[in-house]
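Here the structure comes first, spelled out in structure tokens, and everything after it is commentary.
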Amino acid sequence: MQFKASTDYGLRAVLYLAAQGHTCSSKDIAQDMSIPRDYLIQLAQLLRNAGIIEARPGKHGGYRLANDPSKITLLQVVNALDDDKDTTRTRRKDRADASMVQGIKQAYDLVLTGYDAYFDSITLQMLLDASQDESMGKEFLAGRLIAESQRLLAEAAAAA
């Protein structure tokens, strides 16, 4: 799976802020993370509107996380950067009643549910911790998949 450029750059910026732990200038973020500065500023506005980062004006200003990295999920960041999600969801809803696509719509909804559940189970701090040890990275990802699968199964059983 490949992210759109906006999501890729935004995730890099947010992970950078999480790793730094303090206010960072747009110049430093753009330079260190290979993000066009003007584009970073646009993405920062989306992230700020979503409450993920804070902007501090002035000579020693810049951006910093609005919350502890352990409280910000990957899904929150991705949703903040997905500027056309409402259009996509509206088109999908408009087609929902067409009988020919109903089975495909249900399958696609399962993909979205799985994606959302998995990304919502991962915080920025978890990603930073897992990245500290290369061998731990894949174990971490597998562990999150297992934990999220178990949670979804328990949820389905409780609903039945």
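The values are calculated or read from the model by the stated rules, or taken from the named source; none is laboratory data. Just so we're clear, the structure is a prediction, and the values are computed from it rather than from any experiment. Ideal geometry is used to build each Cβ from the backbone, glycine not excepted, and the neighbour counts take in all protein chains shown. Note: areas computed on protein heavy atoms with side chains; ligands, DNA, RNA excluded. Shrake-Rupley method; radii C 1.70, N 1.55, O 1.52, S 1.80 Å.
Values as computed for the structure displayed
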read-out: Of all residues in the stretch 112-147 being under 18 Å from the mean Cα position of the chain (by Cα) and β-branched (Val, Ile, Thr), the one that is least open to solvent (accessible area, probe 1.4 Å); value: Ile122
read-out: Single match in Val111, Val78 (criterion: under 23 Å from Met126 (Cβ atoms) and modelled with pLDDT under 90); value: Val111
read-out: All positions within the stretch 35-52 that are of a type outside the set (A, V, I, L, M) and either open to solvent by 70 Å² or more (accessible area, probe 1.4 Å) or not in a loop (DSSP other than H, G, I, E, B) (or both); value: Arg37, Asp38, Tyr39, Gln42, Gln45, Arg48, Asn49
read-out: Pick from the stretch 124-160, criterion of a type outside the set (A, V, I, L, M) and in contact with a Ser or Thr (Cβ under 8 Å, 6 or more places away or on another chain), ranking: nearest to Leu65 (Cα to Cα); value: Gln125
read-out: Some residue of the stretch 90-102 being under 24 Å from Leu47 (Cβ atoms), part of a helix (DSSP H, G or I) and either more than 15 Å from the chain's Cα centre (by Cα) or modelled with pLDDT under 90 (or both); value: yes
read-out: Options Asp32, Asp8: the member that is out of contact with any Leu (no Cβ under 7 Å at 6 or more places or on another chain) and open to solvent by less than 80 Å² (accessible area, probe 1.4 Å); value: Asp8
read-out: Any hit, the stretch 17-26, residues being open to solvent by less than 60 Å² (accessible area, probe 1.4 Å) and in a strand (DSSP E or B); value: yes
